[in-house]
Each structure stands twice: as C-alpha cells, then as structure tokens.
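Step one of this worksheet: look at the structure below.
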Amino acid sequence: MLAADAGAVEERQPLRAARSAGLPAPTIDGLLDEPAWQGAPVYDDFHKHAPRDGKAAPGGLRTTVRLLVEEHALVFGIRAWDADPQQMRGALARRDKVDMDQDFIGIWIDPVGHGRAAQFVRVNLAGVVSDGLHRASDNESDLGPDFPVEARVERLPDGYSMEVRWPLSNLRFPYRGGKDWRLLVERSVPHADGTLLVSAPLRLDALSHLSFLREVEGMGETVAAVRDRRFIELRPELTLRAERGRSEGAPHRGHQADLGLEINARPRADWVFNATINPDYSQVELDQPVSQGAGNIALSLPEKRGFFLESADVLGLPLPAFYSRTVGNPAWGLRATWRAADADATAMSLRDAEGGLVLRGRPYETVEFIQPRPTRASLWRSRWHGDGLLLGAFASQREVEGLGSNDVLGVDAQWRSAALDGGAQRQASLTAMHARTTSGFDGEGRPLKSSRESGSYLHGKYIHSSDDWWNEFVLEAIAPGFVNDNGFVPQAGIVKAEAELSRKRGQQSFAGIELYEFETLLQLAEVRTLHERASGQPGGEVVERHLRPGLWMMGPRQTEFWTLLGFDRQRARPHGRLHDTRALHFGFASTPLPWVSKIAGEVALGRQLDADADRVGPGGNVTLDVGLRFPLLRGWSLELDHHVNRAWVQGTLGHPAFADNAWRWLAHLHFSPRASLRLLAQNTWAARRDDGVTQLEVWNERQVHRSLLYRYQWRHGRTASAGYVDEKMPLVGTRSKSLTLKLQWEI
C-alpha cells in the first residue's frame with residue numbers, strides 16, 4: 001500500500017477490468033456512449049505528482065478511467081473534465097513528441113507484473129501517440145518501440161473524452177503462472193502550471209515512475225483466453241533509389257531497387273519471433289549532432305530501428321553489453337524471445353555487411369576502425385526473476401569473415417528492497433563479463449587475425465532513496481584486454497568510481513520566486529588507469545577527477561535549472577600533465593508559452609582540455625534546443641525544432657585553437673495525423689588552427705545535409721514515402737544527391 005504525501009495510509013480504490021462479452025465492441029471514436037461502457041467499473045482515484053508545490057490539485061480536473069477486455073485487445077475509456085477547456089493544448093505533432101507541454105493521457109502496462117519494465121503510450125488531444133518501453137532499473141524511457149494502438153479523442157464543452165484500443169498481440173506476458181498485470185494512468189494539464197495527475201498516491205522515495213503501477217483486477221480470464229492465440233505480421237518493403245554525385249572530381253550515377261521483408265510472429269503468449277531480410281534504413285532520421293568537444297572519447301547514440309527494440313527490457317544491461325548501433329547494414333537478422341512467470345530470454349543473430357564502425361577503447365581515447373569484411377553478430381541473454389531479485393547471464397560473439405572473432409560471456413544480478421522504516425528504498429546491481437578476442441587491427445588500421453587477447457569487466461551500482469535523500473554510487477573496472485565488438489566500450493584499461501549525493505529540501509523561496517522543488521548536490525568521480533604490460537601503460541594514473549558541488553531547482557512554467565561548480569582535473573595522455581580544468585556548468589529547461597514546446601540549454605564555461613594538444617585554454621561547450629508548435633488553418637500544424645551546439649578551446653593567438661560547431665533545423669508540416677512533410681537542414685563544422693604553442697597540423701572539416709521527406713500512413717505498418725537528400729563535404733569536393741521512394745505494407 002502506497003503512502004500519500006502527508007504520510008497517511010489511504011484505502012486504495014481497486015482498478016478493475018470488465019469483459020465486453022455479449023455486447024458490441026466500442027467503436028473507437030472518442031465517445032463513451034456505447035452500452036459496453038455503461039457497465040464498466042469507473043476508476044477516479046488520481047493524485048497530483050507534479051508540480052510538487054505542496055498544493056492540492058486544481059479544482060475541476062476530475063479524471064475517470066474504464067477498462068474493457070475484448071477478444072483481441074484492451075480498450076480504455078477516459079473522461080477528463082477541465083474547468084478552463086479553452087486553455088487545453090494539443091496539436092498535430094510527430095510520433096513520440098507528446099510531452100508535458102500538451103494535454104495528454106498516458107497508459108503504462110506491465111503485463112509481466114514484476115514492476116521492472118512497462119510498455120506505455122501517451123495520446124494528446126490531436127490523437128498523436130508517443131510510445132515506448134520504460135525500465136525501472138535506470139528509470140529511463142526508450143521511445144524506439146512503436147505499438148499499433150488505435151486512439152481517438154473528442155473535445156467536449158467541459159474537457160474531453162478518449163478511447164484507446166491496445167492489441168493484445170503487442171503485449172508481452174508469460175503463458176501461465178504470471179503475476180497480476182499492473183497499470184498506471186496519467187494525465188497532463190499544462191495550463192494548470194504543468195500539473196501531472198497519476199492513478200496512485202505520490203511517494204518521494206520512489207526509485208522510478210514504475211513504483212506507482214497498480215494491480216488490475218479481472219485480467220486472469222483474459223490471459224487464459226488469449227495465451228494460445230497466434231499473431232503474425234508480414235511487412236514487405238520496396239525501396240527505389242536514384243543517386244548521383246561527385247567524389248574527388250569524378251562523377252558517378254546509380255540506380256537501385258531493393259525488396260525487404262520484416263516478419264513478427266507470436267505463436268503463443270510466451271514466444272515472439274522476429275526476422276528482417278535486407279532492411280532499408282535510409283529514411284531513419286539523421287542523428288542529431290552531439291559535440292564531444294576537444295576530447296577523444298566516443299559518445300553513444302540512441303537506437304531507432306524496430307528489429308532491435310523488440311522486448312528491449314530483456315536486454316537491460318549496462319551500456320557495454322549490447323549496442324545495436326554496431327550493426328550498420330544487415331543482410332538478414334533472426335531473433336527469438338521467450339517469457340515465463342519467473343524467467344525470460346532472447347537470442348539473435350545478424351549478418352552485417354562490411355563498412356561498419358569498430359570501436360576499441362583505450363584509457364585516454366576511443367580508436368575507430370572501419371570493418372572491411374562482412375561479420376556475423378550473435379548474442380543470447382536470459383534472466384531469472386524473484387521477489388526483488390533478478391539473476392541473469394549473457395553471451396555475445398562478433399565473427400569477422402576469415403579474421404577471427406570477439407567472444408564475451410557475462411553474469412549479472414539486480415536487487416531492490418521493499419520500503420524500509422522511514423520510507424527509504426534501496427537498489428543494487430552487479431555485472432561481470434569476460435572477453436576473448438582474436439580479431440584485431442595493425443598499426444595502420446588494417447584488420448588481422450591476432451593472437452588471443454583476454455580481459456574482464458565489472459560494474460556495480462547502488463542507489464538509496466528516501467524522502468530527504470537520493471544517493472547513488474557506481475564502481476566500474478574495465479581491463480585493458482576487454483573488447484566487446486557487439487557493445488559500446490569507449491574506454492578500457494581503467495577503473496572508475498562515481499558518487500552523487502542529493503539532499504531534497506522541498507519547497508523554497510528564492511529571490512521572490514516560489515520554487516516547487518529544491519535540491520543541493522555533490523558529484524564526485526575519479527578515473528584511474530590499470531597497468532598494461534604490452535603498451536607500457538602504468539597503473540594508478542589519474543585520467544580525470546571531478547568534484548562538483550551544485551544545486552537543482554524546479555519552478556513555475558515547468559522551469560528547471562541546475563548548476564555545478566566543477567573543481568576538475570584531467571589528463572590527456574599517458575605520463576602527461578594532470579591539468580586543472582575548473583569550469584562552471586549549468587543548464588535550464590522551460591515551457592514558457594503555449595507555442596513553445598521546449599527551450600533548453602546546457603553550458604560549460606572555464607578551462608577546457610584540448611586532448612590532442614595536451615594543453616588547457618579558456619573555452620566552453622554550449623548546447624541550445626528550441627522547439628516550437630503552431631496550429632494552422634484546416635487543422636494543419638507546424639513543428640519547428642532548432643539545435644545549436646558549439647565547443648571550443650581558445651589558443652594564444654586570439655582565436656580558438658579548436659572549434660566544433662553544429663546547427664540543425666527541423667521542420668514538420670502536418671496535414672493530418674496520417675500525412676506530413678519533413679524538411680531537415682544540418683551543418684557541422686570542426687577545425688583546428690594554430691594555437692601559438694603546439695605544432696599540430698591545421699585542418700577543418702565541413703558537412704552539409706539537406707533533405708525533404710513526404711510520408712503518408714494509412715495505418716500502423718502501412719506507409720508510403722518519398723525523400724530527397726543532398727549531402728556535401730565541400731572541403732574535399734564530395735557531393736551526393738539521391739531520390740528515394742519507399743513503400744511498406746503490413747499483411
């Protein structure tokens with residue numbers, strides 16, 4: 001039983017599902033006037049979760065939920081009252097862009113019942129959907145998965161009503177013996193100062209948003225009725241591409257036609273099989289540029305491709321274990337996932353073409369290689385679940401055609417406590433892996449079959465949360481010989497310790513502004529090298545050390561601000577000097593106006609390390625994101641996203657010795673929930689100039705991207721699109737233009 005903010009114990013209203021047997025299934029039109037809704041139990045026990053200003057939820061925001069179980073789907077009926085309906089916000093937008101700047105209803109389902117992960121959808125007033133998977137272990141959402149939900153909203157004089165049909169074929173649950181399904185419903189009301197209402201009382205010591213999931217009564221018969229039902233999806237795709245360009249002064253032209261196929265099958269509830277054959281990822285949106293400054297450590301990027309996102313919760317491991325972006329252009333891929341009441345497992349194998357990027361970590365840099373031969377990437381992962389305890393195992397192999405392989409074995413454990421006296425919660429995890437590698441590269445970057453190299457990896461994490469504190473501790477050790485070509489290992493030969501202590505101080509008043517939440521922070525981190533005999537790398541050498549006191553606050557208009565004073569030190573190379581890199585770090589985010597979906601920035605100013613030059617100079621790293629939404633005539637809407645980042649280190653001659661800049665402008669014109677036009681313009685530029693101290697080679701690199709994409713979707717899985725791309729690197733005389741037509745059809 002959950003405690004309310006004041007600590008009083010409340011009698012919880014049960015959340016019940018009703019069978020729709022004998023009555024016509026509701027038509028998904030947003031209206032709750034069908035007979036099936038009249039007999040469904042009503043749930044209206046909602047509590048204010050944001051802002052945490054100590055005040056009761058605004059009046060006139062009653063919310064009710066009904067849940068029907070059909071033969072093939074769950075159907076939710078939501079009624080949301082609003083005393084000021086003219087202020088409600090919700091316009092056409094991209095999928096997965098429904099956020100707290102809009103009125104929406106969110107539905108989170110954990111059909112396994114362990115509370116470790118939940119599938120979720122959020123639907124705004126225009127019927128736009130954000131969906132994905134949320135993992136409790138890191139309290140983060142993965143917006144990659146897309147679920148074929150059907151949703152409609154009807155605006156009313158005193159609010160709105162909504163119907164959402166979620167097919168049972170896309171909910172993952174065990175065949176028998178599973179725990180009760182768990183559910184969370186949330187409602188966003190941005191005009192009420194960003195109010196978020198949730199179907200469970202708030203507790204400040206919650207380890208994740210999934211702490212508020214509640215059991216659903218009446219689902220047992222449903223599971224028994226549908227667990228043997230078969231579902232299969234066939235999604236053929238046809239891609240036609242014409243390309244022309246110029247490289248090093250030589251023109252080239254080409255035409256290409258590709259036929260691909262994606263297969264998703266569920267023979268019964270506990271098994272899911274996926275296959276992809278010759279997939280085309282050309283129209284996956286270009287990655288947003290992220291500056292790593294003048295450092296040499298690679299940064300990870302999120303996954304956007306559906307094959308890798310199936311049952312992503314089963315793969316829940318620290319970052320190095322599996323990084324699907326290592327697979328660049330697969331010819332085919334196979335995957336199987338199994339779930340039981342107390343265990344689950346997944347296995348996959350893919351044939352990847354040559355040209356992929358291979359990362360090999362070092363203490364002070366990430367070395368990048370291009371794979372010149374096809375590879376086969378395979379992995380297996382299984383987990384056992386107990387009450388508060390999870391035990392897992394992991395195996396991975398990346399085999400290079402004729403040039404050896406990289407093999408990794410690992411085990412992991414996760415533990416979380418029930419509430420302690422005083423309301424505190426604890427969570428701990430431990431991961432251990434060992435790798436053997438015979439696929440390497442010589443000093444010129446050429447691949448070779450090398451003598452066997454071995455190394456191990458260890459990662460431990462502990463979290464303690466109470467009403468007053470959030471404390472987190474991480475210890476990580478990566479041996480010099482540890483390689484995971486199916487994972488992301490940007491550094492190796494290091495041991496890293498991190499701690500963050502956060503004191504929650506509740507509501508405060510600052511400079512005449514009422515702050516809803518206020519926290520004081522202390523971040524500590526140190527990275528040291530491990531001894532490596534082959535390279536002569538000494539052990540115990542400090543790579544970087546952080547000491548960062550600071551504060552975080554949340555105020556009106558969904559405004560968040562944080563700042564840290566960084567008393568940091570960094571080393572650029574073995575045996576080099578440990579530089580003083582003191583800097584001021586701060587960031588902010590806000591939704592100040594109805595047409596501003598987001599304005600956010602992160603800034604670091606002070607002494608910046610130029611790793612290649614092994615020197616420190618004045619500089620910084622600045623990132624700014626601005627999102628705008630404008631409703632237009634005829635129900636159209638316009639989304640604009642702007643992204644700018646700049647990192648620089650000043651030289652001694654009055655100009656930056658190093659600069660890394662990126663600018664991105666993304667516009668979406670939405671004609672309807674099914675049709676949109678996307679325009680993307682992106683420029684990146686990085687340069688090194690004479691710094692007046694070192695004799696490094698002067699260089700600069702530029703890349704320009706322009707693309708236009710029209711997309712029409714009949715329904716989930718059936719789309720037609722046409723795209724034009726113009727890319728150029730003017731400094732090396734390379735330019736390419738391509739026109740792509742693509743048809744995807746779900747059978």
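The values are calculated or read from the model by the stated rules, or taken from the named source; none is laboratory data. The structure presented is a predicted model; accordingly, all values stated were derived computationally and were not measured. Using ideal geometry, Cβ is built from the backbone for each residue, glycine included, and neighbour counts are taken over all protein chains shown.
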Residue by residue through the stretch 704-722, note down the ones that are in a strand (DSSP E or B) and of a type outside the set (A, V, I, L, M, F, W, C).
-> H705, R706, S707, Y710, R711, Y712, Q713, R715, R718, T719, S721
In the stretch 561-595, which residue that is free of Cβ contacts under 8 Å to residues at least 40 places away in the same chain and of a type in the set (A, V, I, L, M) is nearest to I297 (Cα to Cα)?
-> L578
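What number of residues within the stretch 526-545 are outside any strand (DSSP E or B) and charged (D, E, K, R)? Break it down into steps so the answer makes sense when it comes.
Within the stretch 526-545, the first condition is being outside any strand (DSSP E or B), and the residues that meet it are 530-531, 533-536, 538-541.
From the residues that got through so far, the ones that are charged (D, E, K, R) too are 533, 541.
Residues that pass the stated criteria total 2.
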Taking the stretch 175-191 and keeping residues surrounded by fewer than 21 Cβ atoms within 10 Å (Cβ to Cβ) and either in a helix (DSSP H, G or I) or in contact with a Pro (Cβ under 7 Å, 6 or more places away or on another chain) (or both) leaves H191
Do we find a residue being closer than 30 Å to R398 by Cβ and surrounded by fewer than 15 Cβ atoms within 10 Å (Cβ to Cβ) anywhere in the stretch 511-531?
-> yes
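Are there any strands (runs of 3 or more DSSP E) wholly within the stretch 82-171 with 1 or more residues that are in contact with a helix residue (DSSP H, G or I) (Cβ under 9 Å, 6 or more places away or on another chain) and within 23 Å of H385 (Cα to Cα), and if so which?
Values: elements: 104-110, 117-124, 129-135, 140-142, 150-156, 159-167.
The strands (runs of 3 or more DSSP E) meeting that bar are 104-110, 117-124, 129-135, 140-142.
Within the stretch 505-524, does at least one residue satisfy the condition of being under 24 Å from the mean Cα position of the chain (by Cα), at pLDDT 95 or above and charged (D, E, K, R)? Lay out the reasoning, then the answer.
Pass one, the stretch 505-524, residues under 24 Å from the mean Cα position of the chain (by Cα): 523.
Still in the list and also at pLDDT 95 or above: 523.
Now restrict to residues that are charged (D, E, K, R): none.
For the stretch 505-524, residues under 24 Å from the mean Cα position of the chain (by Cα), at pLDDT 95 or above and charged (D, E, K, R): absent.
So, V698, is that one touching a helix residue (DSSP H, G or I) at 6+ places or on another chain (Cβ under 8 Å), closer than 30 Å to V622 by Cα and of a type in the set (A, V, I, L, M) or not? Please lay out each step first, then the result.
Working: touching a helix residue (DSSP H, G or I) at 6+ places or on another chain (Cβ under 8 Å): no; closer than 30 Å to V622 by Cα: yes; of a type in the set (A, V, I, L, M): yes.
So V698 does not fit the description; no.
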Using beta carbons and a limit of 9 Å, which pairs, at least six apart or on different chains, have the first residue in the stretch 436-465 and within 30 Å of D205 (Cα to Cα) and the second one buried (at least 20 other Cβ atoms within 10 Å of the Cβ) and charged (D, E, K, R)?
-> L458/E476; H459/D412; H459/E476; G460/E476; K461/E476; I463/R416; S465/D205
Within the stretch 723-733, identify whether any single residue is under 30 Å from P167 (Cβ atoms), part of a strand (DSSP E or B) and in contact with a His (Cβ under 8 Å, 6 or more places away or on another chain), and answer yes or no.
-> no
Residue satisfying all of: in the stretch 492-528; among the polar types (S, T, N, Q) and in contact with a Lys or Arg (Cβ under 7 Å, 6 or more places away or on another chain); farthest from P549 (Cα to Cα) among these | T520
Among (1) in a strand (DSSP E or B); (2) modelled with pLDDT under 95; (3) within 17 Å of G90 (Cα to Cα) - the single one L666 does not satisfy | (3)
If you go through the stretch 597-638 one residue at a time, how many are of a type in the set (D, E), in a strand (DSSP E or B) and either modelled with pLDDT under 95 or assigned by TED's automatic domain parsing to the domain that holds A93 (or both)?
-> 1
Could you say which residue among L521, L565 is at negative phi and touching a Ser or Thr at 6+ places or on another chain (Cβ under 7 Å)?
-> L521
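Kindly indicate whether any position in the stretch 615-623 is touching a residue at least 12 places away in the same chain (Cβ under 8 Å) and closer than 18 Å to L666 by Cα.
Filtering the stretch 615-623 down to residues touching a residue at least 12 places away in the same chain (Cβ under 8 Å) leaves 615-623.
Still in the list and also closer than 18 Å to L666 by Cα: 623.
Yes, because at least one residue in the stretch 615-623 is touching a residue at least 12 places away in the same chain (Cβ under 8 Å) and closer than 18 Å to L666 by Cα.
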Could you tell me whether any residue of the stretch 309-316 is in a loop (DSSP other than H, G, I, E, B), under 19 Å from H134 (Cα atoms) and either hydroxyl-bearing (S, T, Y) or assigned by TED's automatic domain parsing to the domain that holds S141 (or both)?
-> yes
Restricting attention to the stretch 661-691, and to residues there that are surrounded by fewer than 16 Cβ atoms within 10 Å (Cβ to Cβ) and in contact (Cβ under 8 Å) with a residue 40 or more places away in the chain, which single residue is farthest from the chain's Cα centre (by Cα)?
-> S672
Test result for A589, of a type in the set (A, V, I, L, M, F, W, C) and either within 22 Å of L501 (Cβ to Cβ) or outside any strand (DSSP E or B) (or both) | no
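Yes or no: R577 over 30 Å from Q87 (Cβ atoms) and either surrounded by fewer than 20 Cβ atoms within 10 Å (Cβ to Cβ) or in contact with a Cys (Cβ under 9 Å, 6 or more places away or on another chain) (or both)? Spell out how you get there, then give the answer.
Numbers: over 30 Å from Q87 (Cβ atoms): yes; either surrounded by fewer than 20 Cβ atoms within 10 Å (Cβ to Cβ) or in contact with a Cys (Cβ under 9 Å, 6 or more places away or on another chain) (or both): yes.
For R577, the condition - over 30 Å from Q87 (Cβ atoms) and either surrounded by fewer than 20 Cβ atoms within 10 Å (Cβ to Cβ) or in contact with a Cys (Cβ under 9 Å, 6 or more places away or on another chain) (or both) - is met.
Kindly indicate whether H705 is within 30 Å of R152 (Cα to Cα), in contact (Cβ under 8 Å) with a residue 60 or more places away in the chain and within 26 Å of the chain's Cα centre (by Cα). Before you say what the answer is, go through the steps one by one.
Numbers: within 30 Å of R152 (Cα to Cα): no; in contact (Cβ under 8 Å) with a residue 60 or more places away in the chain: yes; within 26 Å of the chain's Cα centre (by Cα): yes.
So H705 does not fit the description; no.
Can you confirm whether the stretch 71-79 contains a residue that is aliphatic (A, V, I, L, M), within 20 Å of S672 (Cα to Cα), buried (at least 21 other Cβ atoms within 10 Å of the Cβ) and modelled with pLDDT under 95? Write out each step before concluding.
Let us first name the residues in the stretch 71-79 that are aliphatic (A, V, I, L, M), namely 73-75, 78.
Filter once more, keeping what is within 20 Å of S672 (Cα to Cα): none.
Scanning the stretch 71-79 turns up no residue that is aliphatic (A, V, I, L, M), within 20 Å of S672 (Cα to Cα), buried (at least 21 other Cβ atoms within 10 Å of the Cβ) and modelled with pLDDT under 95.
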Only strands (runs of 3 or more DSSP E) wholly contained in the stretch 231-281 count here; list those with 2 or more residues that are β-branched (V, I, T) and either touching a Cys at 6+ places or on another chain (Cβ under 7 Å) or surrounded by 14 or more Cβ atoms within 10 Å (Cβ to Cβ) (or both).
-> 271-277
Hey, any hits in the stretch 554-568 for a residue that's basic (K, R) and over 27 Å from the mean Cα position of the chain (by Cα)?
-> no
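Please find, within the stretch 617-639, the residue that is surrounded by the fewest Cβ atoms within 10 Å (Cβ to Cβ) out of those that are of a type in the set (A, V, I, L, M, F, W, C) and under 29 Å from A126 (Cβ atoms). Give the derivation first.
Taking the stretch 617-639 as the starting set, the residues that turn out to be of a type in the set (A, V, I, L, M, F, W, C) are 622, 624, 626, 628, 630, 632-633, 636, 638.
So of that shortlist, the ones also under 29 Å from A126 (Cβ atoms) come out as 624, 626, 628, 630, 632-633, 636, 638.
Details: L624: 14, V626: 15, L628: 16, F630: 11, L632: 13, L633: 5, W636: 16, L638: 16.
Among residues in the stretch 617-639 that are of a type in the set (A, V, I, L, M, F, W, C) and under 29 Å from A126 (Cβ atoms), the one surrounded by the fewest Cβ atoms within 10 Å (Cβ to Cβ) is L633.
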Residue, farthest from A80 (Cα to Cα), within the stretch 135-157, restricted to residues that are touching a residue at least 60 places away in the same chain (Cβ under 8 Å) and either outside the structural domain of P26 (by TED's automatic domain parsing) or of a type in the set (S, T, N, Q) (or both) | S137
Show the residue pairs that are 6+ apart or on different chains and have beta-carbon atoms under 6 Å apart, the first residue being within the stretch 84-106 and assigned by TED's automatic domain parsing to the domain that holds V185, the second being in a helix (DSSP H, G or I).
-> Q87/H191; R89/P190; D101/P190
Kindly list the number of the only condition in (1) assigned to a strand (DSSP E or B); (2) closer than 30 Å to H114 by Cβ that fails for G455.
-> (2)
If you go through the stretch 460-478 one residue at a time, how many are crowded, with 22+ Cβ neighbours inside 10 Å and at pLDDT 95 or above?
-> 1
Do we have L238 as closer than 30 Å to D138 by Cα and of a type in the set (A, V, I, L, M) here?
-> no
